[in-house]
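Colleague: The structure under discussion is supplied below as structure tokens; questions concerning it will follow.
The values are calculated or read from the model by the stated rules, or taken from the named source; none is laboratory data. These numbers were taken from a predicted model, which means no experiment stands behind them. Note that we place each Cβ from the backbone using ideal geometry, even for glycine, and neighbour counts take in every protein chain shown. Surface accessibility is based on the protein's heavy atoms, side chains included, excluding ligands, DNA and RNA. Shrake-Rupley method; radii C 1.70, N 1.55, O 1.52, S 1.80 Å.
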Amino acid sequence: MTRVIEGLKAAQAHAAPGEPLVVLTHSMGGQLIYDALTAYLPADPEAQNLRVDFWCAVGSQVGLFRELGQFVEQEELPTPALRDSPHAGYFWNVWSYSDLLSFRAEGVILDAHDTAFPFLGNVRSDHLAYLANDDFYRTFAVKVRLHTRQNT
């Protein structure tokens with residue numbers, strides 16, 4: 001987790017003034033960022049001003065882990081805390097019916113927004129298909145513009 005936190009701090013430190021911090025995670029990376037936003041950053045006095053303005057979890061298990069009570073913050077808080085974290089902005093969860101390793105987060109994590117991408121149903125390749133899909137990147141770009149400080 002130290003590398004994740006240090007990476008977020010470095011990204012913020014190198015950002016231009018007013019530039020939003022955008023994070024894209026895939027698979028288990030989603031669980032790392034969720035724990036960072038809800039447990040580790042709030043406990044780090046050096047990270048008080050660190051905010052991920054837009055987070056996209058692709059093909060992740062964040063919703064499943066939240067339902068199973070597997071996150072650090074759940075040991076102390078009975079309700080989803082992502083929306084209450086001063087470190088978290090917009091959360092977009094991207095999943096697919098044919099990706100058996102991806103799960104919905106909407107309705108499980110407050111303020112999560114899901115988008116299901118249709119793929120061919122090839123279990124071996126659909127878990128990575130988002131990252132090679134032009135429509136995903138076009139949608140990602142539009143969502144970042146709509147949901148970050150750049151538009152305020």
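Colleague: Of the numbered conditions (1) touching a strand residue (DSSP E or B) at 6+ places or on another chain (Cβ under 7 Å); (2) open to solvent by 90 Å² or more (accessible area, probe 1.4 Å); (3) not polar (S, T, N, Q), residue 124 satisfies every one except a single condition; which is it?
Modeller: (1)
Colleague: Enumerate the helices (runs of 4 or more DSSP H) found wholly within the range 49-148, keeping only those where 1 or more residues are more than 30 Å from residue 13 (Cβ to Cβ) and in contact (Cβ under 8 Å) with a residue 60 or more places away in the chain.
Modeller: Fully inside the range 49-148 and qualifying: 126-129.
Colleague: OK, next. Please go through the range 1-36 and give me each residue that is touching a residue at least 40 places away in the same chain (Cβ under 8 Å) and among the hydroxyl-bearing types (Ser, Thr, Tyr), ordered by number.
Modeller: 27, 34
Rundown of residues vs (1) among the β-branched types (Val, Ile, Thr); (2) over 26 Å from residue 18 (Cβ atoms); (3) surrounded by fewer than 19 Cβ atoms within 10 Å (Cβ to Cβ); (4) modelled with pLDDT under 95, yes/no style:
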{"site": "55", "(1), (2), (3), (4)": "no, no, no, no"}
{"site": "59", "(1), (2), (3), (4)": "no, yes, no, no"}
{"site": "73", "(1), (2), (3), (4)": "no, yes, no, yes"}
{"site": "82", "(1), (2), (3), (4)": "no, no, no, yes"}
{"site": "86", "(1), (2), (3), (4)": "no, no, yes, yes"}
{"site": "109", "(1), (2), (3), (4)": "yes, yes, no, yes"}
{"site": "134", "(1), (2), (3), (4)": "no, yes, yes, no"}
{"site": "139", "(1), (2), (3), (4)": "yes, no, yes, no"}
{"site": "144", "(1), (2), (3), (4)": "yes, no, no, no"}
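Condition check ((1) surrounded by fewer than 16 Cβ atoms within 10 Å (Cβ to Cβ); (2) polar (S, T, N, Q); (3) in contact with a Ser or Thr (Cβ under 7 Å, 6 or more places away or on another chain)) across all residues:
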{"position": "9", "(1), (2), (3)": "yes, no, no"}
{"position": "16", "(1), (2), (3)": "yes, no, no"}
{"position": "27", "(1), (2), (3)": "no, yes, yes"}
{"position": "30", "(1), (2), (3)": "no, no, yes"}
{"position": "38", "(1), (2), (3)": "no, yes, yes"}
{"position": "42", "(1), (2), (3)": "no, no, yes"}
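Colleague: Quick test for you: out of 148, 115, pick the one residue that is touching a strand residue (DSSP E or B) at 6+ places or on another chain (Cβ under 7 Å), among the hydroxyl-bearing types (Ser, Thr, Tyr) and at pLDDT below 95.
Modeller: Answer to the check: 148.
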